Every structure is written in structure tokens, then in C-alpha cells.
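The values are calculated or read from the model by the stated rules, or taken from the named source; none is laboratory data. Just so it is clear, the model here is predicted, and its values are computed rather than measured. Ideal geometry is used to build each Cβ from the backbone, glycine not excepted, and the neighbour counts take in all protein chains shown.
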Amino acid sequence: MMKAKVFVVGGGIAGAMTALHLQRRGAQVTLIDRWEPGHARAASSDYNRVIRAISGRDEFYTRWARESRARWLELQAETGQNLMYECGALILATQGHCDWEDATSETFDRVGVPYYRFTPDDVRARFPQFKVDEIQYALFEPEAGLLMAHRCVITTIDLFRREGGIVKRGTVTTDTSERPMLNGKHLEADVIVIATGAWMAEMFPRSIAPISAIMGINVLYTSTPDGSDQFDMENMPCWIDHGQGSFGIPSSEGSGVKAAVVIPNTPIDINNDERLIEKQSLNKTRQYILHRLPGLIGERVVDSKFNQVILTPDTHFIVDWHPQHDNVLFAGGCSGHLFKHGPVFGDFVAGVAMRDYGTADRFKIAGRRKLSPKESPSGR
């Protein structure tokens, strides 16, 4: 029996995990990327990412995140690499704006996710790093934490290679009918999986661009205070702070404290912009630290990242076949929350690609609509 010939285009976490799972399903897989695996332009770059099950009322992503957590730990044991640290995640529910957090606790109760509900005084006692004067309550998910993002991508690709997969450098474009081409020649394969992140909209102006928006995300790393381990991951959790449009990660492996203040609709030219932090973001992040993390006041920014996410109207992923080319499968639409789901997402996409099952309705291209923050799994 002939092996299915598959190209996976895009070597971020979505493409790498899909390629690995396709290889394990017996396909002959070639992974193509424009740059070296783990390159700095990719949305899957950066030192670390939050992994947490918190998804509002959305039970689907809650279950996927819990399954992905188990698979990341299995991959860590299999490879001997430090991929995940369970430092927990603290979700700060701002007074009068707690719909997403209220819905999360109900979902956790249904699914059976361990969590604690903290009063502001509980937070001050347990995690004194945070100033929580305007917080109504907080949810603490102890089995959440952080993933070492760059290492996760490189480890997955190394494992893919060891299992017989091929990694190739090249630029895939499309013709006027949106058929994929490499070096001016049409790609010929049983399946072509497109996992190019924000570049998916550019490559597919008719199919993907109408349901996509590209937004830049500024991330700053702030030094921890001299002689103090208070802001290290052993003593501080990751956090999400919807009321301030922010999230962050404690210092991990010497990175400094990561804080991102999401400035809505921050534009980015993914091909031409330098990956440099904007002054507006630097000022907003310092204001945020003044408000939420007073122990970091006066500490210096020691590193920064600026990359992009591709947003769908409902913040759901895209896993669907091209409307014209029945061997072209889209896999992405990350909306900023795909990375943590990587192992389950890649396995699911591989099954769809091999036609073992169909995709989920929420992942289809058609029927997309803007969700309210109450409905959205991301709370946006």
C-alpha cells in the first residue's frame, strides 16, 4: 500500500505538530518553511507561552487544553527536554466585568478542572506580587503554567525528523486560483496542509483574508529585583488580567517577567515591519506595572518581542478544506490561543487530512460571526 504524500507548509507549532502526527499515521511528510525552524518572525517564537484551561463558557477548548497539558508532559518525558513548568495561572476578575471569569468557574465545575477561587485578601496573602485593589475575586488554576515556546517547536521538529519526516526550506505562494506553488511550480501531493499563521491570509486572499485580521502583539521582559526570587516561576504564577487588557508570565530560566498589554488593532506589515517594540507599548506596559506589579517599579526592560496573531471573528481556529482545491487543508487561525493546544490540534488536523473524520463545525470557513466577550473562548 502506497504511503500518502503530504506537504505541510509552515513550521510553527501548528505545522510542526501536524507534520509529526501525520508522520506517525504513516504518511510520507515534507514540512516546508521559508526560514529556519524556530525563526524570530514566527508567531510560535518567543521564550514562553501560557498554558491554561480557562476558556470562559467554552467546554470544547477547556477539554482540549487539559488533554494538551497531558500530551506536553508526555512529550517532555519522551524527549527529556524541559518543555512545560506548572507554576499555575491566576485569572484576575475585575469588579463589574467578570462575565468570562464567572463562566469559566461553571465550566471548570462541569469538566472537573482543579481550581481555587480567591478573595483579594487571599491573593495578597498567596501572591503578594500583585496589587489587586479593584479586583472582585481571582481564579487560580494550579495545573496551568508555561510552555518554553521556542524549545517546544524545535523539539517537535527534531522528533519529526527522527521519525523519518523531511524538512525543506522554500517559499510557497499561490496562483490566481489559490492553488499552492513552490518555486513557481504547483505542489503535487495527496494533501497539502497550510499552517502559515498570519501569512495564510496573504496567500489566500479570497478564502482566508475575508475572515481574518492580523494584529501585532508587543511583549516586554522586565528584570527581576536584585537578590529577589519573588518574581520567579517557583513563587509566582502566570496571570491573565482582562480588566487591564494584559497577561504575563513570571521569570522562567532567567528570562525576566513577561508582560504584554494588548493594544487593540495594532497593525503590522508581516513582511516589511521590523520586529521592534513601539514606544506606545513600552509606556503602556510601564503604566501597567505601576498599577499591578509595584515590586517591579524602577526595574529595567531586558528583552522584548513583537510578532503577530491572525484573528478570526469568533476567535475559533480554522481547520477546513479549500472550497476549490480538495487536497488543500487550512490549519490555523490561531487567534492568540493555539500554541497551548498544539499536540491536540496537530493530531486533530492530521486525522482530518487523512480523512479519518471530518472537521468540527466551529473550524469551518463558512458561517463566521463576531462573538461577544461573554461567548468568546478568549474573552475578547
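Just the residues that are within 15 Å of Met148 (Cα to Cα) and free of Cβ contacts under 8 Å to residues at least 60 places away in the same chain, please, taken from the stretch 57-73.
Correct list: Leu73 only.
Looking at the stretch 191-204, is at least one residue outside any strand (DSSP E or B) and surrounded by fewer than 16 Cβ atoms within 10 Å (Cβ to Cβ)?
No: zero hits.
Consider Ile217 carefully, then state whether it is surrounded by 13 or more Cβ atoms within 10 Å (Cβ to Cβ), closer than 13 Å to Val9 by Cβ and within 21 Å of the chain's Cα centre (by Cα). Quick ask: steps written out before the conclusion?
Values: surrounded by 13 or more Cβ atoms within 10 Å (Cβ to Cβ): yes; closer than 13 Å to Val9 by Cβ: no; within 21 Å of the chain's Cα centre (by Cα): yes.
Criteria not met by Ile217.
Within the stretch 135-142, is there a residue that is in contact with a Pro (Cβ under 6 Å, 6 or more places away or on another chain), in a loop (DSSP other than H, G, I, E, B), under 21 Å from Gly295 (Cα atoms) and among the aliphatic types (A, V, I, L, M)?
no
Checking Leu73 against (1) crowded, with 20+ Cβ neighbours inside 10 Å; (2) under 23 Å from Ala14 (Cα atoms), which single condition isn't satisfied?
(1) is the only condition that Leu73 fails.
Which one of the conditions (1) under 28 Å from Ser44 (Cα atoms); (2) in contact with a strand residue (DSSP E or B) (Cβ under 6 Å, 6 or more places away or on another chain); (3) surrounded by 13 or more Cβ atoms within 10 Å (Cβ to Cβ) does Arg151 fail to meet, given that it meets all the rest?
(2)
For the stretch 172-210, name all the residues that are within 20 Å of Phe339 (Cα to Cα) and touching a Pro at 6+ places or on another chain (Cβ under 8 Å).
Correct list: Ile194 only.
Checking Arg57 against (1) modelled with pLDDT under 95; (2) under 13 Å from the mean Cα position of the chain (by Cα); (3) of a type in the set (D, E, K, R): exactly one of these is not met. Which one?
(2)
Scanning for something touching a Cys at 6+ places or on another chain (Cβ under 8 Å) and among the aliphatic types (A, V, I, L, M), does the stretch 161-172 turn up at least one residue?
Within the stretch 161-172 (the criterion being touching a Cys at 6+ places or on another chain (Cβ under 8 Å) and among the aliphatic types (A, V, I, L, M)), the answer is no, since none of the residues qualifies.
Residue under question is Arg57, and the condition is that it be in a loop (DSSP other than H, G, I, E, B) and not assigned by TED's automatic domain parsing to the domain that holds Glu202; does it hold?
So Arg57 passes the test.
What are the pairs, 6+ residues apart or on separate chains, where a residue within the stretch 82-94 that is at positive phi and modelled with pLDDT under 95 has its Cβ under 9 Å from a residue that is β-branched (Val, Ile, Thr) and crowded, with 20+ Cβ neighbours inside 10 Å?
Cβ pairs passing all conditions: none.
Could you tell me whether Arg161 is in contact (Cβ under 8 Å) with a residue 12 or more places away in the chain, in a helix (DSSP H, G or I) and more than 30 Å from Gly367 (Cα to Cα)?
On the way: in contact (Cβ under 8 Å) with a residue 12 or more places away in the chain: no; in a helix (DSSP H, G or I): yes; more than 30 Å from Gly367 (Cα to Cα): yes.
Against the criterion (in contact (Cβ under 8 Å) with a residue 12 or more places away in the chain, in a helix (DSSP H, G or I) and more than 30 Å from Gly367 (Cα to Cα)), Arg161 does not qualify.
Looking at Glu101, Glu67, Glu36, which is the one that is assigned to a helix (DSSP H, G or I), on the phi < 0 side of the Ramachandran plot, surrounded by fewer than 16 Cβ atoms within 10 Å (Cβ to Cβ) and among the charged types (D, E, K, R)?
Glu67 is the lone residue from the list that is assigned to a helix (DSSP H, G or I), on the phi < 0 side of the Ramachandran plot, surrounded by fewer than 16 Cβ atoms within 10 Å (Cβ to Cβ) and among the charged types (D, E, K, R).
Pick from Asn183, Asn218: which is closer than 30 Å to Gln95 by Cβ and touching a residue at least 12 places away in the same chain (Cβ under 8 Å)?
Asn218
For the stretch 164-189, which positions are touching a helix residue (DSSP H, G or I) at 6+ places or on another chain (Cβ under 9 Å) and either charged (D, E, K, R) or in a loop (DSSP other than H, G, I, E, B) (or both)?
Result: Gly164, Gly165, Glu178.
Of everything in the stretch 325-347, what is of a type in the set (A, V, I, L, M) and closer than 16 Å to Asn48 by Cβ? Give them in sequence order.
Within the stretch 325-347, just Leu338 meets the criteria.
Inside the stretch 253-347, counting only strands (runs of 3 or more DSSP E) that do not spill past its ends, which hold 1 or more residues that are more than 30 Å from Arg179 (Cα to Cα)? Give the derivation first.
On the way: elements: 257-261, 301-311, 318-321, 328-332.
It comes to 257-261, 301-311.
Which of the residues belonging to the stretch 37-80 are over 17 Å from Phe160 (Cα atoms) and hydrophobic (A, V, I, L, M, F, W, C)?
Passing the criteria: Ala40, Ala42, Ala43, Val50, Ile51, Ala53, Ile54, Phe60, Trp64, Ala65, Ala70, Leu73.
I'd like the full set of residues that are of a type in the set (Lys, Arg) and modelled with pLDDT of 95 or more, limited to the stretch 1-33.
Selection gives Lys5, Arg24, Arg25.
Return only the number of the condition from (1) aliphatic (A, V, I, L, M); (2) closer than 22 Å to Cys334 by Cβ; (3) touching a helix residue (DSSP H, G or I) at 6+ places or on another chain (Cβ under 9 Å) that Leu296 does not satisfy.
(2)
Residue by residue through the stretch 2-20, note down the ones that are outside any loop (DSSP other than H, G, I, E, B) and buried (at least 24 other Cβ atoms within 10 Å of the Cβ).
Val6, Phe7, Val8, Val9, Ile13, Ala14, Gly15, Ala16, Met17, Thr18, Ala19, Leu20
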